Amino acid sequence: MCNRFKVALMISIRFNLEQVGGEAPSGFTGFVTRASFLQLVKEADPALSTLLHGGYDATKRMRSFYSLKPLEYSASKQKAWFEVNFKLSEVARSTLESLLKATKKQLMIGSAEFLIESLSVKELEPRTLSQTLEQELESADSLDLRFKTPTYFSTKSNFKVILPNLLLMFMNAENDMYIARYASIPRKHVFNLRRKLGFTGVQVKSEIVRDGKKLYPGFTGWVKVRWKELEQNERSTLCLLLAWGVLFNVGSGRTAGFGVLQVEPCKKAIYK
C-alpha cells in the first residue's frame with residue numbers, strides 16, 4: 001500500500017526526426033542524444049540548459065528531474081525519435097517553451113544530421129500504466145524485465161552495482177516517487193516485496209560506455225522474476241514501481257539514457 005500526494009502533471013516530449021545526412025550513430029547514443037537536446041534548449045534559454053545539465057539549481061531549490069529515452073530508428077532507418085520524460089511540469093513547460101522559441105530545426109546526433117519534423121507532447125500517468133501492467137501480467141507466473149540500455153546502480157559507498165539488483169531498483173523508484181510528491185511507499189513494504197520475489201532466469205552482459213575520458217560500466221539483458229506468491233496489494237505495489245521505472249528509467253545516469261526498462265509477461269520461448 002502507498003499514500004498518494006496531489007501532484008503536478010508529468011509530461012513527455014518526443015522529438016520526431018528524419019535523418020538527412022551523415023551516418024547513423026552506433027552503440028549507446030544516450031550521451032550524444034542528451035548533448036543535442038541540451039544544445040537546442042540552450043539556444044533559447046541558457047539558464048534552463050544549465051539546470052537540465054546539472055540536475056539541480058541550489059539558488060532556486062529546483063530539480064530538473066527528467067529521464068531520457070535515447071535515439072531510436074524506425075525499420076526504414078530514415079525516421080527516428082527520442083523522448084525526454086519530465087517528473088515536474090514546471091520544468092517541462094519551460095523546456096517546451098524554449099524549444100518552440102528555438103530557430104534551429106535541425107540537430108546533430110553524433111555525425112548524423114536530423115531534421116526535426118515535429119514535437120509530440122503527452123501526459124504521463126504512472127498509475128494508469130501500472131494498472132495496464134497488472135492486467136497484462138495477471139495470468140503470468142513470472143515477469144520479464146528487460147534492461148534495454150546500459151544500467152547501473154549507485155550506492156552510498158560510491159560503488160557501482162552492475163548486476164540486476166531488484167532491491168536497489170525498487171528503492172530507487174520509491175525514493176523518486178516521494179521526491180516527486182507522487183506517492184509514499186513505506187520502505188518496509190519494499191523490503192517485504194523483494195523477499196517474496198525470485199529470479200527464475202538471468203541473461204545479462206556487461207557493457208562499458210565511454211563519455212570523453214570517463215568510463216561508465218553497466219549491464220544489459222533480461223531477468224525472469226517469479227511473482228506468483230504475491231498478494232494482490234503487493235502486485236499492485238510492484239506494478240507501480242515497475243511502471244515508474246518504465247517511464248523514467250532505473251538506476252543512475254537516467255538523464256543520459258541509462259536504465260531504459262521494458263516489462264512484459266514471461267514467454268516460454270528460448271531467449272537468444
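The values are calculated or read from the model by the stated rules, or taken from the named source; none is laboratory data. In this text the structure is predicted, and so the values were computed from the model without any measurement. Note that each Cβ is placed from the backbone with ideal geometry, even for glycine, and that neighbours are counted across all protein chains shown.
Out of all the residues in region 187-201, which are in contact with a strand residue (DSSP E or B) (Cβ under 7 Å, 6 or more places away or on another chain) and either among the charged types (D, E, K, R) or without any contact (Cβ under 8 Å) to a residue 24 or more places away in the chain (or both)? Give the steps one after another, and end with the answer.
Within region 187-201, the first condition is being in contact with a strand residue (DSSP E or B) (Cβ under 7 Å, 6 or more places away or on another chain), and the residues that meet it are 197-201.
Those that are in contact with a strand residue (DSSP E or B) (Cβ under 7 Å, 6 or more places away or on another chain) and either among the charged types (D, E, K, R) or without any contact (Cβ under 8 Å) to a residue 24 or more places away in the chain (or both): none in region 187-201.
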Discussion item. Checking the structure you have, find out if any residue of region 182-189 is surrounded by 14 or more Cβ atoms within 10 Å (Cβ to Cβ), modelled with pLDDT under 90, farther than 30 Å from THR33 by Cα and over 21 Å from the mean Cα position of the chain (by Cα).
Written reply: no
Worksheet, complete the sentence: Given (1) at pLDDT 85 or above; (2) over 20 Å from PHE28 (Cβ atoms), TYR73 misses just (2)
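Could you tell me whether any residue of region 190-206 is in contact with a Gly (Cβ under 6 Å, 6 or more places away or on another chain) and aliphatic (A, V, I, L, M)? Please lay out each step first, then the result.
Looking only at region 190-206, we keep the residues that are in contact with a Gly (Cβ under 6 Å, 6 or more places away or on another chain), and these are 203-205.
Subsequent filtering for residues that are aliphatic (A, V, I, L, M) retains 204.
There is at least one residue in region 190-206 that is in contact with a Gly (Cβ under 6 Å, 6 or more places away or on another chain) and aliphatic (A, V, I, L, M).
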Item to complete: Kindly check whether there is at least one residue in region 199-217 that is in the same structural domain as LEU143 (by TED's automatic domain parsing), among the small types (Gly, Ala, Ser), surrounded by fewer than 15 Cβ atoms within 10 Å (Cβ to Cβ) and not in a loop (DSSP other than H, G, I, E, B).
Response: yes
Worksheet item: Just to be sure, is VAL91 among the β-branched types (Val, Ile, Thr), within 18 Å of the chain's Cα centre (by Cα) and surrounded by 14 or more Cβ atoms within 10 Å (Cβ to Cβ)?
Response: yes
Practice prompt. Please list, ordered by first then second residue, the pairs with beta carbon atoms under 8 Å, 6 or more apart or interchain, first in region 168-186 and of a type in the set (Gly, Ala, Ser), second assigned to a loop (DSSP other than H, G, I, E, B) and surrounded by 20 or more Cβ atoms within 10 Å (Cβ to Cβ).
Written response: ALA173/VAL250; ALA180/PHE65; ALA180/LYS87; ALA180/LEU88
